[in-house]
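The values are calculated or read from the model by the stated rules, or taken from the named source; none is laboratory data. Note that the structure is a prediction, hence the values are computed from the model and not measured. Quick reminder, even Gly has a Cβ in these numbers, built from the backbone with ideal geometry, and neighbours come from all protein chains shown. Accessible surface areas use protein heavy atoms only, side chains included; no ligands, DNA or RNA. Shrake-Rupley method; radii C 1.70, N 1.55, O 1.52, S 1.80 Å.
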Amino acid sequence: VIEATSTGDIKSFTVAGAVSVALAKQGSGFAVALAASGSLNEIDADTTAILRTSTVNVADAVTVKASNDSEIIAGAGAVAISFAAAGQGTAAAVAIGGSFAVNNIGSDDDNNGVWADIDSSEVTAGDAITVDAEMLAGIFTLGIGAAGSVAGSGSGSAFAVSLAGSVGINKIRNNTRARVRNGSTLTTDDNSGAGVSVSAYDDSWINS
């Protein structure tokens, strides 16, 4: 058995909150509150299981397997609350909250490689021969934005504004290969009924 496994794990949670209150009695008041939070999460890992330039003769099965089941869980939230009250005057309140989460498994310039490879080798086995590459990585991200604004006036003017937003950017970039190459030979015992399997499987996922 030649096996390589990547099990990277990131959990990231960010919250931004802004509160602004302006009160005026026979005068003017002005209040501003700003809050922001963010996270950048990246898993960059090549996972390779390789049998190269070798002669293998075993009585049982032969397995060459590479798998990646890395996971990113990220949450980003923003809350903004604004309150303005005026009595014979002008009151203004502004609250702004923002958050973001950028999550990458691999990148545009550097895909996560998941390779299972038999290269320039001769393999003879008494049971099954398996060359298997599996990409099972995933991203789960949750974004929340909440804003509340109240303005009240008593023989005057009041102005209240609240803004909140959350942004998520999620990417999975991978290169998944199962290969037998460069003149390699795979042979199972005639009497075993066992076969040869070469498979590459990509079940990566994003829930946002």
Open item on the list: On the basis of being surrounded by 19 or more Cβ atoms within 10 Å (Cβ to Cβ) and in contact with a Phe, Trp or Tyr (Cβ under 6 Å, 6 or more places away or on another chain), does residue 16 make the cut?
Closed with: no
Task: In the stretch 79-138, residue farthest from residue 165 (Cα to Cα) [restricted to those that are assigned to a loop (DSSP other than H, G, I, E, B) and of a type in the set (A, V, I, L, M)] - done: 128
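State which residue is farthest from residue 119 (Cα to Cα) when the search covers only the stretch 51-70 and only residues that are open to solvent by less than 60 Å² (accessible area, probe 1.4 Å) and under 24 Å from the mean Cα position of the chain (by Cα). Quick ask: steps written out before the conclusion?
Within the stretch 51-70, the subset open to solvent by less than 60 Å² (accessible area, probe 1.4 Å) is 51, 54, 56, 58, 61-68, 70.
Filter once more, keeping what is under 24 Å from the mean Cα position of the chain (by Cα): 65-68, 70.
On the way: 65: 14, 66: 15, 67: 18, 68: 21, 70: 26 Å.
Checking each candidate, the answer is 70.
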Task: Per-region count, the stretch 139-187, residues in a strand (DSSP E or B) and more than 29 Å from residue 61 (Cβ to Cβ) - done: 32
Open item on the list: For the list (1) open to solvent by less than 50 Å² (accessible area, probe 1.4 Å); (2) in contact with a Gly (Cβ under 9 Å, 6 or more places away or on another chain); (3) under 30 Å from residue 173 (Cα atoms), I need the number of the one condition that residue 82 fails.
Closed with: (3)
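Looking at the stretch 164-187, can you tell me whether even one residue there is loosely packed, with under 12 Cβ neighbours inside 10 Å, closer than 30 Å to residue 55 by Cα and among the charged types (D, E, K, R)?
Looking only at the stretch 164-187, we keep the residues that are loosely packed, with under 12 Cβ neighbours inside 10 Å, and these are 181, 183, 185.
If we keep only those that are closer than 30 Å to residue 55 by Cα too, we end up with 181, 183, 185.
With the extra rule that they be among the charged types (D, E, K, R), the set shrinks to 181.
Checked the stretch 164-187: at least one residue is loosely packed, with under 12 Cβ neighbours inside 10 Å, closer than 30 Å to residue 55 by Cα and among the charged types (D, E, K, R).
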TODO: Please determine, by comparing only the residues of the stretch 144-158 that are modelled with pLDDT of 85 or more and surrounded by fewer than 18 Cβ atoms within 10 Å (Cβ to Cβ), which one is nearest to the chain's Cα centre (by Cα).
DONE: 144
Open item on the list: Of all residues being open to solvent by 80 Å² or more (accessible area, probe 1.4 Å) and of a type in the set (Gly, Ala, Ser) in the stretch 19-50, which is farthest from the chain's Cα centre (by Cα)? Just the residue, please.
Closed with: 28
